[in-house]
Amino acid sequence: MSSGPSESTREFDLTGSHAWQELSAHQPHVYAMHLREIFAVDPKRGAELTIDVGDLHIDYSKHRVLRETIELLLGLAREVGLAEKRDAMFWGEHINTSEDRAVLHTALRLPRDATLKVDGQDVVHDVHEVLDAMGAFTDKLRSGEWKGHTGKSIKTVVNIGIGGSDLGPVMVYQALRHYADTDIRCRFVSNVDPADLVSTLADLDPETTLFIIASKTFTTLETLTNASAARTWLLDKLGAGDDAVAKHFVAVSTNAEKVSAFGIDTANMFGFWDWVGGRYSVDSAIGLSVMAAIGKEAFADFLDGFNIVDRHFRTAPLHQNAPVILGLIGLWYSNFWDTASRVVLPYSNDLSRFAAYLQQLTMESNGKSVDTHGHHVTTDTGEIFWGEPGTNGQHAFYQLLHQGTRMVPADFIGFAEPTDDLPTADGTGSMHDLLMSNFFAQTKVLAFGKTADEVAAEGVDPHVVAHKVMPGNRPSTSILAPKLTPSVVGQLIALYEHQVFVEGAIWGINSFDQWGVELGKKQASELLKVITEDESPETHDDSSTDSLVRWYRTHRGR
Ligand code: F6P
């Protein structure tokens, strides 16, 4: 382990802390104010409650916070030792205590000339060794030099993985489709529902298809099942023996032994380390499919984007630190306003999987009910993330955002330059401007709404006035960037990764384990025997599942 400050082992009573008490006392004051009033008494906030980091321009002025609120939240951050906890992560301390591991996804994007020794190992050297191997491999794929079993070049890369071994690559591949500069295309299979694999392979030519089996542990049931089925498909279609596997299968994993047992030559394996959590791994070798599509240079830009935000998070004063401020605001609503969820609304179709990606990042990280000492937490934890790209969401769920009884803080993400543009119907405008006019209109209406007087002044039938009132006072963050580039995608991901850290550090939970997914996996394998073999479905301790299993067996003819 490298030197650095030790995380305090003292037990900390979060809700009893001075800062928490102050925030509780302050909340009713802010609650009583409408954002209209908050802006009226502080007209400069729109220009001043902003942070620029890298290419991102972040406006948090439309939040139900006063400048005093931010100070109090920063007081909470100081009282829990947020900066020390952050530094402990960057130094490689074993902050993932339940698994006794360092948490070092930030090392994946350090430049080649940086130094970081963790547990006696030069991790920067290791990271760049793998990046070089990935670069050499993807160069061969992209140039057509890598040939399949029958001598043809690869046209389609199919990534088989799930969770962090799928969501990141899918999201980034879609976001950066304009940077895919060869005729290699990627597809992704994750679900153990065979419909996923069957539909993905239906129109593929096995001679020109390469599979990346992406699994940190190489034990994940879905991935290994799909990988076996893919191997059978390939060998059957090619009429080939096992020797064809080496030309059509590569692996990304931390587990060389299991990769080899599966039949993939470890010479075709790209490694990473136990200090990279699955949901933090798109910038490791797990991003191999992305590199195959966009090339090693654009992938380096992607990593550099993360690093820009890492440096900001590590060095910017807390009051100008974007992940700190946004994480604290997320916590403010979760704990002092009882909001359960945050909606993420990218005004970019190319970010259509961003909310799904964030769901794993945030909810697998912070969906915990015990603190790092194993004691039950005394506050709610874990924001529920959801969302869809604008403007689609406007025609689906924005009604609830605008006029429903629940307050849902929203993150809007938009770009100055379009990835694609077309003229509007009258031929004079740009469809991208139309898209972005909706971004600005929605954030404005959510914040400021429309009063009954304003509605009535338009001559609306008095019976309908109440229905047309737009309450406003609904908070949002606006995140703007010049363009959806590889670096910007990296910046956006890191911005959310570090918000997760900020919230988890203050809640005192371990954001880097995920024990809650294990029992379901174990019981699925036990129930598989019950639904497929002649084992009795009667457990006598769960009449609901017993009866569902009986129904299933009957309808499967068993
Ligand atoms: O089941 C949850 C999980 O462990 C995630 O944390 C992880 O991203 C996913 O499964 C896939 O794991 P692996 O990469 O080891 O196949």
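Below is a table of values for the structure above.
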item	result
Length added when fully stretched, S24-V198, from 0.36 nm per residue minus Cα-Cα	57.2 nm
Largest-first principal axis extents, alpha carbons of region 458-558, Å	68, 49, 32
Three-way shape call for region 324-414 based on the alpha-carbon gyration tensor, with the a/c threshold at 1.5	prolate
Long-range HN-HN contacts of G387 with modeled amide H, under 5 Å	V344
Relative contact order for the chain, counting Cα pairs under 8 Å that sit 6 or more residues apart, in percent	18
Protection proxy ranking, peptides 491-498, 205-212, 549-556, 124-131, average beta carbon neighbours within 10 Å, highest first	491-498, 205-212, 124-131, 549-556
For the chain, diffusion coefficient by Stokes-Einstein and Kirkwood Rh (Cα), 25 °C, 0.890 mPa s, µm²/s	96
Inter-label distance for D122 and N191, nm, one decimal - labels placed 7 Å from Cα along Cα-to-Cβ	4.7
For peptides 447-458, 292-303, 58-69, sequence by mean Cβ density within 10 Å, most packed first	292-303, 58-69, 447-458
H463-Q399 FRET efficiency (beta carbon distance; Förster radius 25 Å; 0.05 resolution)	0.80
Cross-link partners of K62 among aspartates and glutamates (Cα-Cα below 17 Å; sequence separation of 8 or more within a chain)	E37, D42, E48, D52, E71, D411
Pairwise label distance in nanometres, E526 with D265, each label 7 Å out on the Cα-Cβ vector	4.3
Flagged links, alpha-carbon separation over 21 Å, of K247/K521; K155/K296; K368/K521	K247/K521
Rounded D (µm²/s) - region 128-231, Kirkwood Rh over Cα pairs, Stokes-Einstein at 4 °C, 1.567 mPa s	90
Degrees, to the nearest 10: 82-91 long Cα axis against longest axis of the chain	20
Distant alpha-carbon pairs in region 261-403 (separation over 27 angstrom), percent	39
Segment Y552-M431, length gained on full extension (0.36 nm per residue, minus Cα span)	38.6 nm
The chain, helix-only ellipticity at 222 nm - DSSP H runs n ≥ 4, -39,500 (n - 2.57), divided by all residues, nearest 500	-14000 deg cm²/dmol
Difference of contour (0.36 nm per residue) and Cα-Cα distance, D421 to A456	8.7 nm
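A short reminder: the numbers here are calculations on the coordinates, not readings from a lab. The structure displayed is predicted, hence computed values, not measured ones. Using ideal geometry, Cβ is built from the backbone for each residue, glycine included, and neighbour counts are taken over all protein chains shown.
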